[in-house]
Each structure stands twice: as structure tokens, then as C-alpha cells.
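No lab work stands behind these numbers, since they all come straight from the coordinates. Note that the structure is predicted; figures quoted are calculated from it, not measured. Cβ placement follows ideal geometry from the backbone for every residue including glycine, while neighbour counts extend to all protein chains displayed.
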Amino acid sequence: MKLAILGGGGFRVPLVYGALLRDRGERRVTDVSLYDVSGDRLAAIGHVLRQMAAEQENPPTVHTTTDLDESLRDATFVFSAIRVGGLEGRTADERVALDLGILGQETTGPGGLAYGLRTVPVALHVAERVAAVCPDAWVINFTNPAGMITEAMQHILGDRVVGICDSPLGLSRRAARALELDPMATTADYVGLNHLGWLRGLSFNGRDVLPRLVTDPAALDSIEEGRLFGADWIAALGCIPNEYLFYYYFTRDAVASIKGSPVTRGEFLLRQQRDFYAAVAKDPRSALSEWRRVRRERDETYMAESRAEVDAAGRDKEDVEAGGYEGVALALMAAIARGERTAMILNVRNGNAVPGLPAEAVVEVPCTVDANGPHPLITSALAGHQLGLIQQVKSAEQLTIQAARTGSPSAALAAFAVHPLVDSVSTAKTLLAGYRSRIPGVAAVLSRA
């Protein structure tokens, strides 16, 4: 089978290839095509992957190309992890908001909307080429904002686009370990949008054991979410929020922490990755060792700039070492290609899975997966504040998709204004003007009307 990886020069691509190297099952991926607009980045990651392959027997072959159709041709699966505007765009996503005292984060709040505005048109072009070149392929979307981009691509490809994220899986694993249970023996009741969901139950031997954790401060202190949100707030909620809900529940704390850091996350990664690609260009033989070193540094500092004062313990060692989104992608491909029925938390078309949201909305919910793809499970009603929050954010996402498809500045303004992390229409106008001024991709999208 052939896997096309879009954004193939991206730093995290070796994680996906590493997962493929560990797969020894039938109908495994044998051919990997890396596509990117940057030949230099492709060359660097190509060196990393070939050095990884040299350590294994019978590894998938690796090809690189800057021709999208060539990469897509004959693909069974397409993994999309593109970053429109690069890390330079991400730093602007963050800084324009922070300069106004608003949360600056690449997927959450106004930064995520700006990222979506310039990414949706590119994602739609990719979807059109998939439909033309490999219409039977499944698209696994990891391009952020993942829920929004998945929903946009579904306008063209329907349910053959599936969004993935490792946050829900990581949360359910941590909850199980805190209860001294095997994560593989538990089933999660998780519902929401990408980067905006709650673990509401954890079934073990047919019984919900999550209430034990929710009411145990000592056990909660052993996991990231317990330290982030505090045992008292988790007890009040009666469930455990995804870590990204820190930006909604503790907005002022997050903004203060980010502004107090010497650099934003985007600025940190921009410097780090410039150094990495330059080092590999200078000495290609060091590509794999340099990538491994930089990856450790990157993982250990994940979200650190926004929660330094709250969670000094940092990321759990098990989560840094365990397979993340690449494991989710591999499991999804295996279930479809081999007909191995499994359960996963995925970003899929709502239908009637989450009451209170439009049928076409992409939601993040438990699914069964088989050769015909994901089948979302019906979820029980969300609590009032939970439903209200995801309705607001989903409205902002859909307005962003509308603005990106039509070039409408008024739809873009409405998207910013209705988002719960933007405090006034005046602020929304200033944000939008700032993004149009700082990010050429946003300006180009909104100049089409």
C-alpha cells in the first residue's frame, strides 16, 4: 500500500514513519511518498527517514516530491499535516492576539481562526486533487485546526476524510494509569470538538470507574490534568477536561503565563527548527541523531509556556515516550485496510452523535472503525455549559470556513466576534485587521470578495 504524507518536510513526519516501521501486519504500507512545497525541508526529512530505515529490515520505501499529484497517485491513504504560512505564520497568530491581551495560541481562540482562514483554501485544493487523482483514498487529517480543516475537506470528499488527535487518547490513558488500571482494558466516554472535550466516564469491567478518580485529590495530582485544573474544579465538573480547556477555564492565567515567557511557543519552535534544518543541511549524516535530540527537547516543553506557574511538574514521562498521534494514524489505517474492528476517538461528521450540534459539524467522539471507516457512537447529552461552549466555538469554526471559501471579510469578522475567547466586537475588528496586516495568506483570502 502507498501512503502519501502531505507536509512531508515537517519535523514530526519521522514519528509517522517510525510507526510504519513497527507495523509487521498484513497489508502494511510499503511505499511512502513525501510531498512538500519546500525541497530543502524534504531533503532533510528524507535523510532522517532513510537513516531510520537503515536500522530495520524490509522498511517502506521513501520517495520525495514537490508535485502534489505525483505524491497522491495510487495512494491508499493520504496523511495531511501541512502548515500553511509556516512557523512564521504561527508566531503572528500568537503575537497579534497577545498584543491585545487576548490568548495567543495556534489552534485555540483567534490564533486558530487566523490559521484556519489561510489553511482552508489550501486544504480544499488538496481535497479536489485527491478527488481527481486517488478518489478511493482515505484522508487522515492532522492539519490544524484539525476539526475545522476536516470539516472543510468533507465538503468535497465526504466521510472519507477523518481527523485525528492524540489528546483524548493521552487523557484516557493517564486516567486509567492513575487508577492503576491497564489503559487497554478501559473504554472512554469522551465528547466534544478537537481540543475542546471532556472525559466523562471510564468503563472497566462494565463499570464506570472515573468517579473514583474525580473525587481523589491525590490520584488527580499524579496526572497533568489534575495539576492543571485542580482537584476542586475537577470535582465540581464531575469529569476531566482535555488539557486545552485550560485556555477557556483559566484564560487570564494562560495569557499572563504566555506573556511572561521570553518567547511564545511558535517563536521557540521557529528557532529550534531553523537550527535543525540548517544542521542537517550542513551534515546530512547527523540527521537522525539531531532529529532525536531536538524531538526530546520539543516534547518535554509541550504547552510549557502557558502553564508554567500551574504545572511545574511538566509532561508525564509516559506521554513523552508513548506513541501519540502517529499511533492513532496507524491504528486507523490498520482497521480500514485489514478490516480489524476497533474503537477510537476521532474527528468525524456529527450526524446525530452529539445532540445540539448541526449534522454536518465535525465532532470528536468515540467511534467504531472497520473496513468501511469510522462509525460515530451516539453520546449522552452534554452539561449546559459544555454544550454552550462547543456551540459557540463550532459557530466560529463554520463562519471561518465560510469566510475562507467566499473571501468574505464580514464572515471572518463574525467568526472572531462570536468566539468565546474574544471579548468584544471592537477587539474582533482589531484582531482581524492585525492578521490581515501581518499574515499575507489571510490578506490574500479576504481580498477575493
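Tell me the residue from Ala152, Ala97 that is crowded, with 24+ Cβ neighbours inside 10 Å, small (Gly, Ala, Ser) and within 23 Å of Val263 (Cα to Cα), please. Don't jump to the end; show me each part of the working.
Numbers: Ala152 fails: within 23 Å of Val263 (Cα to Cα).
Of the residues listed, the single one that is crowded, with 24+ Cβ neighbours inside 10 Å, small (Gly, Ala, Ser) and within 23 Å of Val263 (Cα to Cα) is Ala97.
Counting just the residues of the stretch 128-147 that are aliphatic (A, V, I, L, M), surrounded by fewer than 24 Cβ atoms within 10 Å (Cβ to Cβ) and touching a Leu at 6+ places or on another chain (Cβ under 8 Å), which one comes out nearest to Ala334 (Cα to Cα)?
Ala137
Can you find a residue in the stretch 174-195 that is more than 24 Å from Ala331 (Cβ to Cβ) and out of contact with any Pro (no Cβ under 8 Å at 6 or more places or on another chain)?
For the stretch 174-195, residues more than 24 Å from Ala331 (Cβ to Cβ) and out of contact with any Pro (no Cβ under 8 Å at 6 or more places or on another chain): present.
Tell me yes or no: at least one residue of the stretch 59-82 is in a loop (DSSP other than H, G, I, E, B), polar (S, T, N, Q) and closer than 28 Å to Gln105 by Cβ.
Here is the first cut: in the stretch 59-82, the residues in a loop (DSSP other than H, G, I, E, B) are 59-60, 66-67, 73-76, 81-82.
Filter once more, keeping what is polar (S, T, N, Q): 66, 76.
Subset that is closer than 28 Å to Gln105 by Cβ: none.
No, that holds for no residue.
So which residues in the stretch 23-44 are assigned to a helix (DSSP H, G or I) and touching a residue at least 60 places away in the same chain (Cβ under 8 Å), if there are any at all?
Asp40, Arg41, Ala43, Ala44
Any residue in the stretch 212-223 that is surrounded by fewer than 18 Cβ atoms within 10 Å (Cβ to Cβ), touching a Leu at 6+ places or on another chain (Cβ under 9 Å) and closer than 28 Å to Ile82 by Cβ?
First pass over the stretch 212-223, keeping only residues surrounded by fewer than 18 Cβ atoms within 10 Å (Cβ to Cβ): 212, 215-218, 221-222.
If we keep only those that are touching a Leu at 6+ places or on another chain (Cβ under 9 Å) as well, we get 212, 216.
Narrowing further to those that are closer than 28 Å to Ile82 by Cβ: none.
No, the stretch 212-223 contains no residue that is surrounded by fewer than 18 Cβ atoms within 10 Å (Cβ to Cβ), touching a Leu at 6+ places or on another chain (Cβ under 9 Å) and closer than 28 Å to Ile82 by Cβ.
Does Val422 satisfy the criteria of being over 24 Å from Arg252 (Cβ atoms) and in contact with a Phe, Trp or Tyr (Cβ under 8 Å, 6 or more places away or on another chain)?
Numbers: over 24 Å from Arg252 (Cβ atoms): no; in contact with a Phe, Trp or Tyr (Cβ under 8 Å, 6 or more places away or on another chain): yes.
So Val422 does not fit the description; no.
Give me the residue from the stretch 359-376 that is surrounded by fewer than 16 Cβ atoms within 10 Å (Cβ to Cβ) and closer than 19 Å to Gln391 by Cα and, out of that set, nearest to the chain's Cα centre (by Cα).
Glu360
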